[in-house]
1. Quick check: net charge around A:Trp202, other residues with Cβ under 10 Å of its Cβ, Lys/Arg +1 and Asp/Glu -1?
2. Dipole of the protein assembly as shown (Lys/Arg Cβ +1, Asp/Glu Cβ -1, origin at the Cα centre): which of A:Trp202, B:Thr107, A:Val568 lies farthest to the positive side?
3. Sort A:Glu286, B:Glu110 by accessible area with a 1.4 Å probe, largest first.
4. Under the definition of Cα pairs under 8 Å and six or more residues apart, what whole-number percent is the relative contact order of the stretch A:305-413?
5. Against the empirical 2.2 N^0.38 Å scaling, what ratio does the C-alpha Rg of the protein assembly as shown come to?
6. Dividing the convex hull volume of the alpha carbon atoms of the stretch B:1-59 by its residue count, what do you get in Å³ per residue?
7. Given charges of +1 on the Cβ of Lys and Arg and -1 on the Cβ of Asp and Glu, with all other atoms neutral, how large is the dipole of the stretch A:152-220 about its Cα centre, in debye to the nearest 20?
8. Rg and Dmax of the stretch A:403-533 over Cα atoms: what are they, in angstrom?
Amino acid sequence: MQTNGGGLGYPAPEDDFDHHSGMDGVDDCDGGGGVPNGVSNGECVPAAAVSSPDGGTVVETKASMLTRSQQEVIRLIGQFLRNLGLNRTVEQLATESGCILEDPTASQLRQHVMDGKWEKVDSDILQLQSILSVSSENLTEMRLLILEQKYLEMLEDGKAHEALDCLRKHVTPLKPNNEKVRQLTSYLMCSSSEDVRRLAKWSGKGAASRGKLLESLQAFLPSSLMVPPQRLMTLLNQAAQRQVDQCMFHCYSDSPLDSMSLLTDHVCSKEQFPCVTAQILTDSTEDVWFCRFSPDGAKFATGAKDGSLIIYDVDKESYTMKKKHTLAGQNNGIAHISWSPDSAYILTCGPEGSSEVIIWNVETGQQKTKVMQANDDSLTTASWHRDSSRFVAGGTKGHFYQCNVDGNVVATWEGIRVQGLVCLSDDRTVLAADSHHRIRAYNFEDHTDFEILQEHYPIMSFTVNESEQRALINIATQGVHLWDLPSKSLVRKFIGVTQTFYTIHSCFGGFNENFVASGSEDCLVYIWHVKGEESIAKLEGHTRTVNCVHWNPTLPGMLASASDDGTVRIWAPESTLSSRIVDGMQESEDQTQL
Amino acid sequence: MGRIFLSHLGGSRLFLCANCETPLTNRTELISTRFTGATGRAFLFNRVVNLCFSEVQDRVMLTGRHMVRDVSCKNCEAKLGWVYEFATEESQRYKEGRVILERALVTEAESFEDKVSGGENNN
């Protein structure tokens, strides 16, 4: 028999500690001595060494030897084991460590709730209230929850009269809000218990709903009394999440614990990350100024200084490209390429002084139409609206047009020298970077505009991520800046890139758009994780300035870079290359030759 | 080479490179017209963009000894003038950091009035 020491008047707990464990005479319920005000802080009880039934000596930990956090850990383990149903291990644990795994009152409450002894539950709560000084609103809340459970169970059992009684005598005096009373009364009208369950969203009388009730009661009680449910797993999930957050190359989307082993810290290797050149496209004879994947990730376009537009088909298995069209038409060179959101059309713009924007049909390679308003126009950048039927174009001479897919200018905005354009997904707002180092939002429909952000040096180019929360801006001589759009604040400046002379483009990309890549005048491709200023990778290979990089929107492992050395490199994870060698594919050699 | 980045100061009356029409500066940046360069008349401007600078040189001019850098167009490398980096005489200090563009090497052009809310351009 467990002894009840300290005269604190607690009834002996009935569930956690097995009476016939053979550990008679162990004073672990001498708990009175260690629990002055009835609330167990995991405090432990002095325990004597005891002989186990088989004659060996079990050395028991003296309570004084365990620090507070050690005691808490033991409580967590006890909870975890109990949840798994390993009850005898739990008592063994309690005995050996001398820790009370749960305050006697709390386990009593638990037992009564699970047994459905509602009056006892009520008295337990009142008892706890006086000790714990639970506020009276909270107390009322708790009692209402218990009564609701009791009421629903009565209804399920078909005891409508008692249920009504309960409502009248117990619930109403507590003065719950009217909505609640109305709701509860309405359940009386239900003809069957299935209806009750459906209406109340209740799982039915039994361990499940009672367990839920217990959890909601726990919310009102201090955690030192009852450990929050599943506490150990919660902590482990937090740790796993932190490892994932710190992992710079992380590419998986499963919930952390599923894909990770707890036995070692999680660190993604660079294997899933584009680091090696999978293919070199040498189809251009001149400097390649721009490159872009289509929104569906199936095609790829490059634009060069001699005005040639080359469209490729993407092979997502082998991470390679096959040339589809070589098109000429933009005579001064291609400074910007914009794919329509449906991947059917491409817009090309020339550099300063080019007055034409050409719309190409991707499939046929034909020019669909040109936008040419006036000979002295300069349209150097463009962006499609989400509906793929309109786009905006602009340049530094102050031309800023909204056009439709047939090449007609439908609206003009005067007075803005445009350096960069992005259309937002609401199909109305257009973000434009201008010569005053600002990005402003323009609405062509009601001709309103407002400021988004102000930089201090000229903006060369900018892009916005998929969720439209962040903008990535290349600033002349300053580097790459990350801005948060809703709060209009500068979040981060990425370190490393060299840009003093040429127009360099950067992009978001990779898994979950967690990464940022940029070209640079030192011939490297720089990659950063969105959360850190230091680059995580610098890809070598190009021999001259890398003008533009773009990440395949649908394939996180594929990155393309265009350079002044006349080549475009496709970067892929190492694993794709090794599998290629395994398959004996020598085709990659051929593709790099003109 | 890559696509050279050219910025634009804006303004309603622009000065452009005579060779390639790259915008350099505007009338509001003009400080004085009473300068002389190798080709004749020259203007002193406060801010000028799209320039390339040479190595610093020690030159003796009408107004005294100065350290200057020759400036040329970033786009076409045509010679345009010079920038004062250091003036040995106190009275000439006001020129420091400012750019001389020779009249014959630049073109003037009309443009539109900038609408900048709040007035001043930054930087």
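The values are calculated or read from the model by the stated rules, or taken from the named source; none is laboratory data. Keep in mind that this is a model prediction, so the values were computed, not measured. Counting neighbours? That spans all protein chains shown, and the Cβs are built from the backbone with ideal geometry, glycine included. Keep in mind that these areas ignore ligands, DNA and RNA; they rest on the heavy atoms of the full protein, side chains included. Shrake-Rupley method; radii C 1.70, N 1.55, O 1.52, S 1.80 Å.
1. Summing Lys/Arg as +1 and Asp/Glu as -1 gives +2.
2. Of the candidates, B:Thr107 comes out farthest on the positive side.
3. B:Glu110, A:Glu286
4. 18
5. The value comes to 1.40.
6. Each residue corresponds to 128 Å³ of Cα convex hull volume.
7. 220
8. 15.2, 45
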